[in-house]
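Engineer: Got a structure for you, written out below as structure tokens; questions coming shortly.
The values are calculated or read from the model by the stated rules, or taken from the named source; none is laboratory data. Keep in mind that what you see is a predicted model, and the values were worked out from it rather than measured. All Cβ positions, even for glycine, are placed from backbone atoms using ideal geometry, and neighbour counts span all protein chains on display. We work out accessible area using only protein heavy atoms, side chains counted, and drop any ligands, DNA or RNA first. Shrake-Rupley method; radii C 1.70, N 1.55, O 1.52, S 1.80 Å.
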Amino acid sequence: MPGNEDIFQKAMNEGHSFAWDQEWGKAANSYRKALEEMPNHPKALSSLGLALLQSQQYNEALEIYKRVAQVSTTDPVPFERIAQLSERIGQLKQASDAAMRAAELYLNNRDVEKAIENWGHVTMLNPEHILARSRLAMTHEKLGHTQQSVTEYLAIASLLQRGGNLEKATDLVKKAMRMAPASAEAKQAQTLLRSGQLLPKPMRPRGGTAPLMMSQVKQLNPPTVPVASSMDPIAEARQTALTTLAEVLFDYSDESPSAQTRRGLSAIVKGTGQLSLQQAEQTKIVMHLGQAIDAQTKDQEVLAADELENALNAGFDHPALYFSLGLLRSTTERTESALRYLGHAVKHVDFALAARLLMGEMLSRMGRADEAAVEYLEALKQADSMIVAEEFSDEIRQLYEPLIEAQAADTDETNQLRLCKNVQELLVRENWRNHLLKTREQLPKSQEGDTPLPIAEVIIQAQSSQVLDAISQINQLARQGRLRSAMDEAFHALKNAPTYLPLHALIGDLLVREGHTEEAISKYTVIATAYSVRGESNQATKMLRRVIDLAPMDINARTRMIDQLIARGEVDDAINEYLEVADIYYRLAELDMARKTYTNALRVVQQANADRSWNVHILQRMADIDMQRLDWKQAMRVFEQIRTLRPDNTDVRKNLIDLNLRLAQQPQAIAELDNYLSYLNTNNKSDQVIPFLEDLVNENEDRVILRRTLAEQYKQAGQTEKAIAQLDAIGEILIEDGKKEEAMNTIQQILMMNPPNAEEYQQLLRQLQAS
């Protein structure tokens, strides 16, 4: 029989209260009391499971979630929890099965992204799980994710080939080739099959056979020296990320009026009032970020990484989070996850160097020396460009391109490992900037004004001189006006350096000079894409700027540049681009798209903690569009936000009063008016009261309430004649509207002020009384 519902509900409420205060032990006790009344209640079981998980009682939490799964057979969440907890305690087969079940249930619920995430988790636990890879391949194919689908089909082909089913493996490789004819991965698989060789076997990350246990995680000691310049690059980035996350946490948690105002802007971003869901998401982010920072400072790195992933799943997206996750996962068996997270962080200038170094170190450890060598050279390029004079930074980055390309073509593993070791020793050390500067002093001295040589010249001897000579020849021919010869030389040079992007950019420049603008735009766009894939956001942005210079109305180019600027942390420039895009839409009379663009810009301002002056600027433009669309209610919500940010903005106050009157909300209009007059009086701006009211009356001549307020102010200021004139106008309006009683009261007010023509008003009053 069911237990006492009152006792059950009381225990549940107590549990929720303790959980809110993060007193998980007490929360668990309360939930157990609730379960004594209703042993199979899904909500009570789930709440107890969460409390035990947060208390790090993983085995008991696992048993509870198994009970939840039995009770709620169509809910994917308990199966997802079972997978996570089983992995944590080393039961990988159980984890894999539970993740598969969670994926299928998410798919039934039409949540494809979560289904993909769980199938991916299965393949991480068991790289040879054909069913999970099949589901991933087909789902990615349906979603149009060609590259991911091809990768999964080739993995299945490898497993089938090794299982003796060569015919099916061949069919899958052919399918991959049809989907992506240019895929190097698919071409390699086809070549291997034709030559009778085995396809690469899907592998678990190196060392990934053991369960994920806290005790197995290598500790990352917090830096003991507080001065950033004395740390190695990874320690610097770690401290920067922690500081950034702490600042974000403070901003989310701040309950001051200014912070509440900032968070209130989310209502405008969403186009609604503040929803409980929005608040719930923010609460989750605050909780998980706080626990992650606390765990990381206590060297509980697995817990810290889990909490950061929870914050990511709750909707928090920030380069500092990606770097921290990559750093923490790099010390565990989940190196592929670490590489994926660092791939996001590498785009941000604060984390690019450290992310490259970590990726190089992991790839080297995983036996992928060729990829590791490229990452280490990218790290050296980043570091080298940071210590030279700013005017040479971009040039020296370009000088690294042929060196990196030559290194990518080097198949000598001994050379690759030597390069990795040399760069590691050069950069991953305290006072690395000073050491790098001393290394630079060893290079041949360049002429004054010339671009310095890259430090990589000390570490490797790259066969890149012919490419640099070719570029010099191309520039010389172009200066002579021999553009066709310059273009021929450029295409000839591409044979030696087909992926050297500065050479492609030079071809784009030649196309512009020849008047082939469309071809140049296409070339610059492809180069920008390539730089973006490499994580070179700065270079990608420069290419996109060239596109925009040639085609100012190209919205796609501007949108892509916004993404690059945000990735680099250049928020002000990104917002400027948003405003340009919105202006283009506005000029094209696409008001909905213009407003949507402003909304996106406002969201970036909030999330990136940008200069708050942007808020008013963007909100004002949004309000203008709402007014033009006659969406007065939405316009009023926007103006209310501006008023909170800028209470002294006279135009906004006028608009709010006017909109309330238009919407027949006279009490709100009066309250708005009284509020602003009170603001002026309390801020020593009383002299602005009458001019403000005069402007309002001139713009709303038939509004009695405005004239009456102005008359009262005139009276208080001793301007009796002007007060009588306003009351006289009010009387005429009331008589025309047939409001005889109110008109008589107004005339009596005039008579009390002893007007010079009192007899005329008395006569009018008698006429009204007689009628």
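Engineer: Tell me the carbon and sulfur percent of the accessible area for the stretch 571-643, rounded to whole percent, probe radius 1.4 Å.
Structural biologist: Roughly 46 percent, rounded to a whole number.
Engineer: Subtracting the Cα-Cα distance from 0.36 nm times the residue separation, let me have the gained length for Q668 to L166 in nm, one decimal.
Structural biologist: Residue separation times 0.36 nm, minus the Cα-Cα distance, leaves 173.0 nm.
Engineer: What number, in percent, do you get for the relative contact order of the chain if the mean sequence gap of Cα pairs under 8 Å and at least 6 apart is divided by its residue count?
Structural biologist: 5 percent
Engineer: Run down the aspartates and glutamates and flag those whose C-alpha is under 17 Å from the C-alpha of K201, throwing out any fewer than 8 positions away in its chain.
Structural biologist: Filter leaves E128, E152, E185, E336.
Engineer: I would also like to ask the following. Can you tell me the length gained on complete extension of the stretch D412 to D592, counting 0.36 nm per residue apart and subtracting the Cα distance?
Structural biologist: Computed gain between D412 and D592 is 59.1 nm.
Engineer: While we're looking at this one, here's another question. If you put +1 on each Lys and Arg Cβ and -1 on each Asp and Glu Cβ, how big is the dipole of the chain around its Cα centre, in Debye rounded to 20?
Structural biologist: Charge dipole of the chain: 2340 debye, to the nearest 20.
Engineer: Give me the accessible area of T499, 1.4 Å probe, in Å² rounded to the nearest 10.
Structural biologist: Taking all protein chains as shown, T499 has close to 70 Å².
Engineer: Rounded to the nearest 500, what is the chain's calculated 222 nm mean residue ellipticity when only DSSP H runs of at least 4 contribute -39500 (n - 2.57) each, over all residues?
Structural biologist: Calculated mean residue ellipticity at 222 nm is -24000 deg cm²/dmol.
Engineer: Once both axes come from the Cα atoms, what is the angle between helix 413-427 and the longest principal axis of the chain, in degrees from 0 to 90, rounded to 10?
Structural biologist: 40 degrees
Engineer: Next question. Please report, in debye to the nearest 20, how large the charge dipole of the stretch 650-712 is about its Cα centre when each Lys and Arg carries +1 at its beta carbon and each Asp and Glu carries -1 there.
Structural biologist: With only Lys, Arg, Asp and Glu charged at Cβ, the dipole is about 160 debye.
Engineer: How large is ³J(HN,Hα) for each residue in the stretch 306-316, as worked out from phi by the Karplus curve 6.51 cos²θ - 1.76 cosθ + 1.60 (θ = phi - 60°), to whole Hz, x for Gly and Pro?
Structural biologist: With the stated coefficients, the stretch 306-316 comes to 4, 5, 5, 5, 4, 5, 4, 5, 7, x, 8 Hz.
Engineer: Something else: What is the distance, in nm, between label points placed 7 Å from the Cα along the Cα-to-Cβ direction at S485 and at R629?
Structural biologist: Once both label points are built, they end up 5.9 nm from each other.
Engineer: Pull up the cross-link candidates among the lysines for K26, meaning alpha carbon to alpha carbon under 20 Å and not fewer than 8 places away within one chain.
Structural biologist: Partners within reach: K10, K43, K284.
Engineer: Please work out which option in [x] 34.2, 117; [y] 28.7, 101; [z] 33.7, 110 gives Rg and Dmax of the Cα atoms in Å calculated from these coordinates, and answer with its label.
Structural biologist: [x]
Engineer: Can you tell me the accessible area per residue over the chain, all protein chains present, probe 1.4 angstrom, in square angstrom?
Structural biologist: 49 Å²
Engineer: Using 0.36 nm per residue, how much length does the chain from L198 to R440 gain when fully extended, once their Cα-Cα distance is taken away?
Structural biologist: My answer for the length gained is 82.5 nm.
Engineer: Take L143 and D294, extend 7 Å from each Cα along the Cα→Cβ direction, and tell me the distance between the two endpoints in nm.
Structural biologist: Once both label points are built, they end up 3.4 nm from each other.
Engineer: I need the phi-derived Karplus couplings for the stretch 579-594: 6.51 cos²θ - 1.76 cosθ + 1.60, θ = phi - 60°, integer Hz, Gly and Pro marked x.
Structural biologist: The phi angles translate into 5, 5, 4, 4, 5, 4, 4, 4, 5, 8, 6, 9, 5, 4, 5, 4 Hz.
Engineer: Specify the angular offset, from 0 to 90 degrees and rounded to the nearest 10, of the alpha carbon long axis of helix 233-253 from the longest principal axis of the alpha carbons in the chain.
Structural biologist: 30 degrees
Engineer: Quick one: angle between helix 335-345 and the longest Cα principal axis of the chain, in degrees between 0 and 90, rounded to 10, please.
Structural biologist: Approximately 50 degrees, to the nearest ten.
Engineer: Per residue of the stretch 87-96, what does 6.51 cos²θ - 1.76 cosθ + 1.60 with θ = phi - 60° give for ³J(HN,Hα)? Whole Hz please, x for Gly and Pro, Karplus curve as stated.
Structural biologist: 4, 4, 9, x, 8, 6, 4, 4, 4, 5
Engineer: On to the next question. Give the separation of the Cα centroids, the stretch 494-536 to the stretch 627-691, in Å.
Structural biologist: 53 Å
Engineer: Going Cα to Cα from K142, which lysines come in below 16 Å? Please leave out same-chain ones fewer than 8 positions away.
Structural biologist: Of all the lysines, those that pass the test against K142 - Cα under 16 Å, at least 8 places apart if same chain - are K114, K175.
Engineer: Mind giving me the nanometre distance, one decimal, between the label points for R433 and Q607, set 7 Å out from Cα along Cα→Cβ?
Structural biologist: 3.0 nm
Engineer: Compare the Cα positions of I396, W24, T644 along the charge dipole of the chain (+1 at Cβ of Lys, Arg; -1 at Cβ of Asp, Glu; about the Cα centre) and return the one farthest towards the positive end.
Structural biologist: W24
Engineer: Using only the alpha carbon atoms of the stretch 1-159, find the Kirkwood hydrodynamic radius as the inverse mean reciprocal pair distance, in angstroms to one decimal.
Structural biologist: The answer is 16.9 Å.
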